[in-house]
Amino acid sequence: MEEKNTYLGRLRNLVFVVIGVVIISQLFVPSFVTHSATLIKTKFSNRSNFVSPAIGPNLFKLNYSNEFAIFVPSSGDLIKTFDKANFQLKNVINGKDSVPRIYVSKLPHDIGKVVSINQKKSLYIRILLPLILQVNEDIENDRDLIRSLMNKHKHELKFSVSEASWLIKIFERYDLKLYDFKGLLIRHDIIPPSLALAQSIIESGWGTSRFAINGNAIFGQWTFKTGTGLVPLKRSPGKAHEIKSFDKLEHSVEQYIFNLNYHRAYKEFRNLREKMRKGNKFDSFSLAGTLESYSEKRDSYVELVKLIMQSNNLNRLDTVKFREYF
């Protein structure tokens, strides 16, 4: 009995240590976040994990504590927040710095009132870039898992219950036959940041449109499900579409990437991307040339996307990475 009580006591102490570490990690927020920022927990699907050195790597892993989402209603305060984090777009574009994991959940309501055009552009890109990088990072993690499971299947090894469940869901999401790993890897892939940024800039007017401010809709995606979006003020009589709204900006980014990865109109885009993937280098200009179906303006839209990328040096952002530190 004494031996059992000793064991239970040790187990109870271990539980207290674990709970304490979790509580401390949840309370920690970097000091540069201003009082005007509302902190919101992120729910990205895959995350790099941080192993607490206090308890060793074999017990459990904690989510990286510097990942959080913020909502700052004022553009001025958000600019200060970025500046305090030393997040300067010029340095990122010139390759002198990487990108901090700062995720903004909603555009500032007054972004359209920022007088300086360059300041407005810099603010918008700094808002969107970390979100695009994170969704791409999640997809790359998924691709690693897909390749691992493909190898398992090739060698007739059994999947775990969680692996099988995940595979079934992702194949169903893309309307693919089970075990069509090649087709899945063609579809489930990243979008170069310069292309995503350019398209969002066009569709949202640098984040100033009514759809962007009120619905986090930065890619102009249509929906025919009444009440799930905002009705265009100049919608033609007889039309029933709305501009799909999202709870957070990250969800808009996720849906945009899924749209390009799934819809039949972008098959040429995906096939070209696959060829570029084999060469280990994405050419955003060439990829943009396959997206005439994205807009009713077709070829003129494609030229506008390329112009936005070129005039704002967005192609330099295609190779940027997240910071190793905060």
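Looking at the stretch 301-313, can you tell me whether even one residue there is surrounded by fewer than 17 Cβ atoms within 10 Å (Cβ to Cβ), modelled with pLDDT of 95 or more, more than 17 Å from Ser200 (Cα to Cα) and over 22 Å from the mean Cα position of the chain (by Cα)?
no
Does Thr223 satisfy the condition of being over 17 Å from Ile139 (Cα atoms), surrounded by 14 or more Cβ atoms within 10 Å (Cβ to Cβ) and of a type in the set (Val, Ile, Thr)?
yes
Among the candidates Phe211, Phe159, which residue alone is of a type outside the set (Ser, Thr, Tyr) and in contact with a Lys or Arg (Cβ under 7 Å, 6 or more places away or on another chain)?
Testing whether each residue is of a type outside the set (Ser, Thr, Tyr) and in contact with a Lys or Arg (Cβ under 7 Å, 6 or more places away or on another chain) leaves just Phe159.
Take the residues in the stretch 198-210 that are crowded, with 23+ Cβ neighbours inside 10 Å and part of a helix (DSSP H, G or I); name whichever of them is farthest from the chain's Cα centre (by Cα).
Per the stated criteria, the residue is Ser204.
Within the stretch 288-314, how many residues are of a type outside the set (Val, Ile, Thr), assigned to a helix (DSSP H, G or I) and under 24 Å from Lys267 (Cβ atoms)?
As a first pass, look at the stretch 288-314 and keep what is of a type outside the set (Val, Ile, Thr): 288-289, 291-301, 303-304, 306-307, 309-314.
Next, from what is left, pick out any that are assigned to a helix (DSSP H, G or I): 288, 292-294, 299-301, 303-304, 306-307, 309-311, 314.
Now restrict to residues that are under 24 Å from Lys267 (Cβ atoms): 288, 292-294, 299-301, 303-304, 306, 309.
Residues in the stretch 288-314 being of a type outside the set (Val, Ile, Thr), assigned to a helix (DSSP H, G or I) and under 24 Å from Lys267 (Cβ atoms): 11 in total.
Would you check if there is a residue in the stretch 221-228 being in a loop (DSSP other than H, G, I, E, B), assigned by TED's automatic domain parsing to the domain that holds Met276, within 23 Å of the chain's Cα centre (by Cα) and under 20 Å from Ile132 (Cα atoms)? Before the answer, list the steps.
Taking the stretch 221-228 first, the residues in a loop (DSSP other than H, G, I, E, B) are 221, 224-228.
From what is left, the residues that are assigned by TED's automatic domain parsing to the domain that holds Met276 are 221, 224-228.
Still in the running and within 23 Å of the chain's Cα centre (by Cα): 221, 228.
Okay, now just the ones that are also under 20 Å from Ile132 (Cα atoms), so 221.
Checking the stretch 221-228: at least one residue is in a loop (DSSP other than H, G, I, E, B), assigned by TED's automatic domain parsing to the domain that holds Met276, within 23 Å of the chain's Cα centre (by Cα) and under 20 Å from Ile132 (Cα atoms).
If you go through the stretch 112-150, how many residues are at pLDDT below 95 and surrounded by 14 or more Cβ atoms within 10 Å (Cβ to Cβ)?
2
Could you give me the residue pairs with C-beta distances under 7 Å whose first residue belongs to the stretch 118-137 and is assigned by TED's automatic domain parsing to the domain that holds Met309 and touching a residue at least 12 places away in the same chain (Cβ under 8 Å), whose second residue is surrounded by fewer than 23 Cβ atoms within 10 Å (Cβ to Cβ) and of a type in the set (S, T, N, Q) wherever it lies, and which are 6+ apart or on separate chains?
What qualifies is Lys121/Asn312; Leu123/Ser75.
Do you know which of the residues in the stretch 151-197 that are among the small types (Gly, Ala, Ser) and surrounded by fewer than 18 Cβ atoms within 10 Å (Cβ to Cβ) is farthest from Leu260 (Cα to Cα)? Steps first, please.
Filtering the stretch 151-197 down to residues among the small types (Gly, Ala, Ser) leaves 160, 162, 164-165, 183, 194, 196.
From the residues that got through so far, the ones that are surrounded by fewer than 18 Cβ atoms within 10 Å (Cβ to Cβ) too are 160, 162, 164-165, 183.
On the way: Ser160: 30, Ser162: 27, Ala164: 25, Ser165: 24, Gly183: 14 Å.
Looking at residues that are among the small types (Gly, Ala, Ser) and surrounded by fewer than 18 Cβ atoms within 10 Å (Cβ to Cβ), I get Ser160.
Hey, among Glu274, Glu250, Glu268, which residue is free of Cβ contacts under 8 Å to residues at least 60 places away in the same chain, in a helix (DSSP H, G or I) and in the same structural domain as Ser194 (by TED's automatic domain parsing)?
Exactly one of Glu274, Glu250, Glu268 is free of Cβ contacts under 8 Å to residues at least 60 places away in the same chain, in a helix (DSSP H, G or I) and in the same structural domain as Ser194 (by TED's automatic domain parsing), namely Glu268.
Among the residues of the stretch 158-188, count how many are among the hydroxyl-bearing types (Ser, Thr, Tyr) and under 24 Å from Lys278 (Cβ atoms). Working first, answer last.
Step one: list which residues in the stretch 158-188 are among the hydroxyl-bearing types (Ser, Thr, Tyr), which gives 160, 162, 165, 174, 179.
Next, only the ones that are under 24 Å from Lys278 (Cβ atoms) stay: 174, 179.
Here the count works out to 2.
Report yes if Leu230 is surrounded by 16 or more Cβ atoms within 10 Å (Cβ to Cβ) and at pLDDT 95 or above, otherwise no.
No.
Quickly run through the stretch 101-123 and pick out the residues that are out of contact with any helix residue (DSSP H, G or I) (no Cβ under 7 Å at 6 or more places or on another chain) and farther than 21 Å from Ile202 by Cβ.
If the condition is that a residue be out of contact with any helix residue (DSSP H, G or I) (no Cβ under 7 Å at 6 or more places or on another chain) and farther than 21 Å from Ile202 by Cβ, then Val115 is the only one that fits.
Pick from Ile190, Ile170: which is closer than 21 Å to Ser293 by Cβ and modelled with pLDDT of 95 or more?
Details: Ile170 fails: closer than 21 Å to Ser293 by Cβ.
Within the list Ile190, Ile170, the selection yields Ile190.
The values are calculated or read from the model by the stated rules, or taken from the named source; none is laboratory data. Not measured: the values here are computed from a predicted model. Cβ sites come from the backbone with ideal geometry, for glycine too, and all protein chains shown count toward neighbours.
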